[in-house]
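Notes follow once the structure below has been shown.
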């Protein structure tokens, strides 16, 4: 959500207010600041915040009474895909800025601020790793598809938390996370990776 800061209002309070007014979603806890940018709209400073929220539907509609009333429709946009086409340029720049900051969050921050399905994801990772018979590692997308089905818009939303959960399991000695065929020892690696059972 976006909006303006009212007189004597802190940026994080404005963000929480706009979130509730324009989407009907009430924040459940303190926000995490993602920083500010002066590159979204000329002569404007944009503040970005990430709020912990209750589980959200795949799609929903909310009536906002401001300016005579607006009906806003919401859906999930995969963060791996840049907006294009009819999207206004400031929205494209804002999303790219926010995604860049979110991608740098620690696994602990992702768990706290991003809606996840950690228990089911961890169980699925263990189950698929245990089923590996020929020693070949599996792609994390196989975990996502196993949970969310073949709709790419749905399973791609799980990819960041799958990485986080896979690394946790690897650090706990339950599976292996491989980057270019070698085990990784932390969550700050970039690029493609595979999930494998522990070597015997």
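The values are calculated or read from the model by the stated rules, or taken from the named source; none is laboratory data. Keep in mind it's a predicted model, so treat the numbers as computed, not measured. For neighbour counting, all protein chains shown are included, and Cβ atoms are generated from backbone atoms with ideal geometry for every residue, glycine included.
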Scope region 139-174; condition modelled with pLDDT under 90 and within 15 Å of residue 197 (Cα to Cα); matching residues: 165, 166, 167, 168, 169, 170, 171, 172, 173, 174
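Matching residues to (1) modelled with pLDDT under 95; (2) more than 26 Å from residue 151 (Cβ to Cβ):
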| residue | (1), (2) |
| --- | --- |
| 5 | yes, yes |
| 30 | yes, yes |
| 47 | no, yes |
| 66 | yes, yes |
| 69 | yes, yes |
| 86 | yes, no |
Region 134-185: number of residues that are in a strand (DSSP E or B), touching a strand residue (DSSP E or B) at 6+ places or on another chain (Cβ under 9 Å) and exposed (fewer than 15 other Cβ atoms within 10 Å of the Cβ): 2
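Let's see how each residue does on (1) in a loop (DSSP other than H, G, I, E, B); (2) under 15 Å from the mean Cα position of the chain (by Cα); (3) outside the structural domain of residue 149 (by TED's automatic domain parsing):
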site	(1), (2), (3)
1	yes, no, yes
15	no, no, yes
18	no, no, yes
39	yes, no, yes
42	yes, no, yes
61	no, no, yes
67	no, no, yes
74	no, no, yes
95	no, yes, yes
With respect to the numbered conditions (1) free of Cβ contacts under 8 Å to residues at least 40 places away in the same chain; (2) surrounded by fewer than 16 Cβ atoms within 10 Å (Cβ to Cβ); (3) closer than 22 Å to residue 102 by Cα, which one is the sole condition not fulfilled by residue 31? (2)
